[in-house]
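Structure first, commentary second.
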Amino acid sequence: MNRNLMKQVIIKTIPVMTGYLVLGLGFGILSENAGYGIGWVLAMSVFIYAGSMQYLMVSLLTSGASVISTALATLMVNARHLFYGISMIGRYKGAGKKKPYLIFALTDETYSLVCGDDTPPGVDPHLYYFLVSLCNQIYWITGTVLGAVIGSAITFNTAGIDFAMTALFVTVFVEQWLTAKNHIPAVAGVVITVVCLIIFGSDLFLIPSMIMILAGLMLGRRRLDCPDRPVGENEAAAVEESVAAGSGKDAAVAESGAAGSDKAAAEAVAVVEMKAAGKEEQP
Amino acid sequence: MTDTHAAALIAVSAGVTALLRFLPFLLLGGKRKTPEFITYLGKVLPYAIMGMLVVYCLRGITPLVWPHGIPELLAAAVTALLHVWRRNTLVSIAGGTICYMVLIQFLFV
């Protein structure tokens, strides 16, 4: 590892540093005020390491939640991580001893930095991913512990500062949009999620969204899997149609609610495998 | 709540989170050669997921009730435009966040 690589990693992770210090501070203050101080904060940031889940943990802890309801809440809130894994299998292949940590540390924010193909030239990509992941968790731990220690001393009005994370994702989305040859996956992601949000409401929409995005992308594979070919409007419509066709079954799965969410995840994987099998049969 | 119970809840949450992160690799990552559809998903999913994450972050807005999600959508638009203009991640994030803080602290209170 050389100094130049470290510099590139720091520059790359500055946006997450900003967001994590701010959100971490918020979480630290919240947890400390709820009676779970520095030791608890440190434990959660080291072992759970999932921002929105840790915010939710504070209310679970203070409301005396059961082990089962905590497990289900985690399943619902963090199911989107299944998605990150699926799209990083190829890139994390051959990472050796670094792989378990790379997978463990795959948060929303880390994913937004490693999902692009912009590893600096001449650098071992796995070392690069590892340093990015590690720096991000260090920022998160620093922010949250700092919040627990000095948080109450902050006097300016910080309301709305948590928008930094939304802004990070908007920025990554725009950056991808500007560099992508094909905008259908991005549009599909937004449209399907908005439709699911309207249908299922803000507590339940993520899992149906994930299933439908996966189904839509697999159904549209033949058209989307050749990056050099320009894709026209009529083909965009075809993807939307195929998504609509798959929605009935997905809705049924989603209706089984919180208890069925692991089933839904398994279903998502099964859908992918079915589609893959079907694909191979056709020359 | 006892400390033991609190520790148990944290352990359970950590375990489930790790399970969700490891599951795709355990189920689909074992083969020596990555299946073609996984390579394909690795290419197209990031775009769709970022779209999903943006919507996920904005899920709390209330289009039918004041302030109709105006601060969030306006700040997101400012972030996006700044990024198209300067292509500088830090400028986009700082600009969008400051814009949002000003909006909700002074204009949409």
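The values are calculated or read from the model by the stated rules, or taken from the named source; none is laboratory data. Predicted model, so just to flag it, every value in this text is computed and none were measured. Neighbour counts run over all protein chains shown; Cβ positions are idealised from the backbone, glycine included.
Okay, here's what the table says:
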read-out: Failed item, numbered, when A:G90 is tested on (1) farther than 27 Å from B:T97 by Cα; (2) more than 8 Å from chain B (Cβ to nearest Cβ); (3) part of a helix (DSSP H, G or I); value: (2)
read-out: Pairs, first within 7 Å of chain A (Cβ to nearest Cβ) and closer than 13 Å to A:L214 by Cβ in region B:33-50, second assigned to a helix (DSSP H, G or I) and aromatic (F, W, Y), C-beta under 7 Å, six or more apart; value: B:L45/A:F83; B:I49/A:F83
read-out: Close pairs from region A:166-193: first more than 7 Å from chain B (Cβ to nearest Cβ) and more than 19 Å from A:E109 (Cα to Cα), partner assigned to a helix (DSSP H, G or I) and acidic (D, E), Cβ under 8 Å, at least 6 apart; value: A:I184/A:E235; A:V191/A:E240
read-out: Residue in region A:206-219 that is at pLDDT 85 or above, in a helix (DSSP H, G or I) and more than 28 Å from A:A73 (Cα to Cα) present; value: yes
read-out: Residues of region B:60-101 classified as surrounded by fewer than 16 Cβ atoms within 10 Å (Cβ to Cβ) and facing chain A (nearest Cβ under 8 Å), total; value: 4
read-out: Count of region A:132-165 residues which are at negative phi and either facing chain B (nearest Cβ under 10 Å) or not in a helix (DSSP H, G or I) (or both); value: 11
read-out: Considering residues of region A:113-131 that are in contact (Cβ under 8 Å) with a residue 40 or more places away in the chain and within 14 Å of chain B (Cβ to nearest Cβ) only, the residue nearest to the chain's Cα centre (by Cα); value: A:L113
read-out: Any hit, region B:21-29, residues being surrounded by 14 or more Cβ atoms within 10 Å (Cβ to Cβ) and more than 7 Å from chain A (Cβ to nearest Cβ); value: no
read-out: Which numbered condition B:V16 misses (of (1) at the interface with another protein chain (Cβ under 7 Å from one of its Cβ atoms); (2) within 17 Å of A:F163 (Cβ to Cβ); (3) in a helix (DSSP H, G or I)); value: (2)
read-out: Residue within region A:155-162 that is in contact with a helix residue (DSSP H, G or I) (Cβ under 9 Å, 6 or more places away or on another chain) and either among the acidic types (D, E) or under 24 Å from B:R21 (Cα atoms) (or both) present; value: yes
read-out: In region B:60-108, the residues that are small (G, A, S) and over 20 Å from A:E109 (Cβ atoms); value: B:G69, B:A77
read-out: Condition met for A:D108 (surrounded by fewer than 20 Cβ atoms within 10 Å (Cβ to Cβ) and either out of contact with any His (no Cβ under 9 Å at 6 or more places or on another chain) or acidic (D, E) (or both)); value: no
